[in-house]
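Working notes, structure below.
The values are calculated or read from the model by the stated rules, or taken from the named source; none is laboratory data. Fair warning: this is a prediction, and the values are worked out from it, not measured in the lab. Please note: Cβ atoms are built from the backbone with ideal geometry, for glycine as well, and neighbour counts cover all protein chains shown. Keep in mind that these areas ignore ligands, DNA and RNA; they rest on the heavy atoms of the full protein, side chains included. Shrake-Rupley method; radii C 1.70, N 1.55, O 1.52, S 1.80 Å.
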Amino acid sequence: MIAGLGGKKAEEAARIELQRAQVVMEKKPDEALGHLVEGRRLDPTNLEIALDLARVEVRLARYSDAIDSLQRVLALDGSSGEALGLLSLSHFRMKRFDKSEEHARHALAMNEGNRLAVEVLADCLRARGEWSLAINEIRGLLMDGADLDEGQKARLHLKLAHCLLRSGSHSQAWEITRTLLRNGYSGNQVHDIHRESEALNRAEISEAFGGEGPIQRLFLWIAGRHILHAFAFGRKRGQGPKARPRAEDLEGAEGGPNEHS
């Protein structure tokens, strides 16, 4: 019980703070944060307030505070899959990859369908250079992600392209980023992976067709992207992104909770 307020009055005051936070949460997360902090002070046992506070702290990149808040959530509800996923994400953002993977695997042991935990686990594997394992996790998300929106699918395809490039499947990486660019996703990461994979593809084609003589250079100039596309198509085994054209920067491919939702 809060000093000066009875239990029921404190709970009611906390609910009012929660409502105020929810009104402004989307556009004014800093303002929502203040209401939620006050709400938790008034009623430390309110699970909804505790979880909303953690969500806002992750969104605002206050990861240390978020970890404290999420531990409070788990003290109230140890089975909260969202709390475990956000805890994993927060540790990942702080580059505590071992801790992040531990929490992600804990979340998945409780619910193997926890998408946030799967994606953070894939990011942990990427951080360690475990490209094949990360590819399996990302492809699983895409296969099971019929209800993912276009931006979420594009983000996952970018991560897949990154893993494929690093694992040596540069033709597949080129094909994925080529489709992303055609669909209007034009962030620096997309361009960087596309350029690097294209250079590797061209080098492989050049080696396959012999030395750098004038005929071979003319052939490559004429062939251009048509040959690159045919070459990639003949070798690719991955999924290609299918998103309607729109301009979007995928710089947030490794961003906060909204990028992993």
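Using +1 on the beta carbon of Lys and Arg, -1 on that of Asp and Glu, and nothing else charged, what's the dipole of segment 148-187 about the Cα centre, debye to 20?
Working: 6 positive and 3 negative charges, 21 e Å.
The dipole of segment 148-187 has a size of about 100 debye.
Using a Förster radius of 51 Å, what is the FRET efficiency between Met110 and Ser206 based on their Cβ-Cβ separation? Nearest 0.05, please. Write out the running numbers ahead of the final one.
Values: r = 51 Å, r/R0 = 1.00.
Here the calculated transfer efficiency is 0.50.
Report, in debye and to the nearest 20, how large the dipole of segment 123-170 comes out about its Cα centre when Lys and Arg carry +1 and Asp and Glu carry -1 on their Cβ. Can you show the working numbers first?
Working: 7 positive and 7 negative charges, 59 e Å.
Here the size comes out at about 280 debye.
Calculate one ³J(HN,Hα) per residue across segment 31-41 by plugging θ = phi - 60° into the Karplus curve 6.51 cos²θ - 1.76 cosθ + 1.60, and present them in order as whole Hz with x for glycine and proline.
5, 4, 4, x, 5, 6, 4, 5, x, 5, 4
Along the positive direction of the dipole of segment 43-164 (beta-carbon charges: Lys, Arg +1; Asp, Glu -1; about the Cα centre), which of Leu148, Leu51, Leu160 reaches farthest?
Leu160
Taking a cut-off of 20 Å between Cα atoms, list the aspartates and glutamates near Lys9, but don't count ones fewer than 8 places away on the same chain.
The reachable aspartates and glutamates, counting only those whose Cα sits under 20 Å from Lys9, are Glu17, Glu38, Asp43, Glu48.
Mind giving me the nanometre distance, one decimal, between the label points for Gln19 and Leu60, set 7 Å out from Cα along Cα→Cβ?
2.3
Report the gain in length on full extension from Ser186 to Lys9: 0.36 nm times residue separation, minus Cα-Cα distance, nm rounded to one decimal. Mind dumping the intermediate values first?
Values: separation 177, 0.36 × 177 = 63.72 nm, distance 5.24 nm.
Here the segment from Ser186 to Lys9 would lengthen by 58.5 nm.
Could you provide, to the nearest whole Å², the per residue accessible area of segment 13-165 with probe 1.4 Å? Don't skip to the end; give the middle numbers.
Values: 7010 Å² over 153 residues.
Spelled out: the 1.4 Å probe surface of segment 13-165, per residue, equals 46 Å².
Using DSSP to call loops (not H, G, I, E or B), can you name the GluC sites (Glu not before Pro) in segment 32-131 whose Cβ has at most 13 other Cβ atoms within 10 angstrom?
Of the GluC sites (Glu not before Pro), the ones in loops of segment 32-131 whose Cβ has at most 13 other Cβ atoms within 10 Å are Glu112.
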